[in-house]
1. Which net charge results when you count Lys and Arg as +1 and Asp and Glu as -1 among the other residues whose beta-carbon is under 15 Å from that of Ala261?
2. Quick one: what does P(r) look like for the chain with 5 Å bins over all Cα pairs, in whole %?
3. Of Gly219, Ala246, Ala82, which is farthest towards the positive pole of the chain's charge dipole, taken about the Cα centre with +1 and -1 on the beta-carbons of Lys, Arg and Asp, Glu respectively?
4. Any chance you could give the angle, 0 to 90 degrees and rounded to 10, that helix 13-24 forms with the longest Cα principal axis of the chain?
5. Once the Cα atoms of helix 197-215 and of the chain are each reduced to a long axis, what angle between those two axes, in degrees from 0 to 90 to the nearest 10, is obtained?
6. Considering only the other residues whose Cβ falls under 13 Å of the Cβ of Ile274, what net charge follows from Lys and Arg at +1 and Asp and Glu at -1?
7. Can you tally the net charge around Val51? Count Lys and Arg as +1, Asp and Glu as -1, for every other residue whose Cβ sits under 14 Å from the Cβ of Val51.
8. If you place +1 on the Cβ of every Lys and Arg and -1 on the Cβ of every Asp and Glu, how big does the dipole about the Cα centre of the range 6-160 come out, in debye to the nearest 20?
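Just so it is clear, none of the values below were taken in a lab; they were calculated from the coordinates. All values derive from a computational prediction rather than experimental measurement. Virtual Cβ from ideal backbone geometry, glycine too; neighbours counted across all protein chains shown.
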Amino acid sequence: MSRVPVTVIGLGPMGRAMSKILLDAGHAVTVWNRTPSRADEIVATGAQLAVSPRAAVEAGELIVLSLTHYQAMYDILDGVTASLSGRTLANLSSDTPTATREAALWAQKHGASFLAGGVMVPAPMLGTDHSYVYYSGDEEAFVTHEAILARIGEPRFLGSDPGRAQLMYQANLDLFLTTLAGFAHATALVGSAGITAAEFLPEVLPLFHAIPAMIAPDGIRALGARIDAGDHPGEGSNVTMMGATADHIHETSKTVGIGTALPRAVQELYHRAIADGGGSDGWTRIIDGIRAPLRD
């Protein structure tokens, strides 16, 4: 792998971690951040601090952006678009798929290749065997820089549509955030009876590990194939049974005086599936209602 010069723009925890990994791999790394002091640690280990966004862009062949949202990319680079031509922008920031596709067109307009990326681990895990990153966009640029990107985490390319990496990233975080919300609600629920979190965690956390076997006894791919085929077998437990449980959780939450927004949302998914005639189907039937939500 050639040690091409890399620029990292945005030095939050992710940007600093990526910069260090690339430095350790032998790349010439230039960094830029609105607050220059955030670069002190990285500069001390060998990175160059650019004096301006233009200098940062012109120092790198691959420009990695780790920012809060895509608007920040425009705020930083709109004044230096003449310097973008022939370079690759790898934007690892979070935003909507629409914003991501618009950014790809903007980059192409200024002669730059564009890759959207979704980093799937926290900063301390970057560069480890657990790290992986979804990419989509310019395939030629991805192939050119794949070995560099692999230093950050296993690169998983999803195709030419820049929005696909963003969607996959957000779908993963949809599951993650909803799971955390469920954990928080369950902790509050048992807490209403004086059960402490210290008591509850050893009881509930093993469930996280057991869920794959519970929902996909024949394997994850087999479950996915059934969902894609619209096949929702309900022999083990069906929508009506699980909907009744959702009702009980919602009612219990009301009774003990904790928030009901989350259990109400879950309850509504099962009520919709039952109303649509799917009461005897398996729980995956609720996906149909999510795909075609009721309109007011």
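1. 0
2. Values per bin, smallest distances first: 1, 5, 10, 12, 14, 12, 10, 9, 9, 8, 6, 3, 1.
3. It is Ala82, whose Cα lies furthest towards the positive end.
4. On a 0 to 90 degree scale, this one is about 50.
5. Taking the Cα atoms of the chain, the angle to 197-215 is about 90 degrees.
6. Its environment carries a net charge of -3.
7. Residues near Val51 contribute +1 overall.
8. I would put it at about 240 debye.
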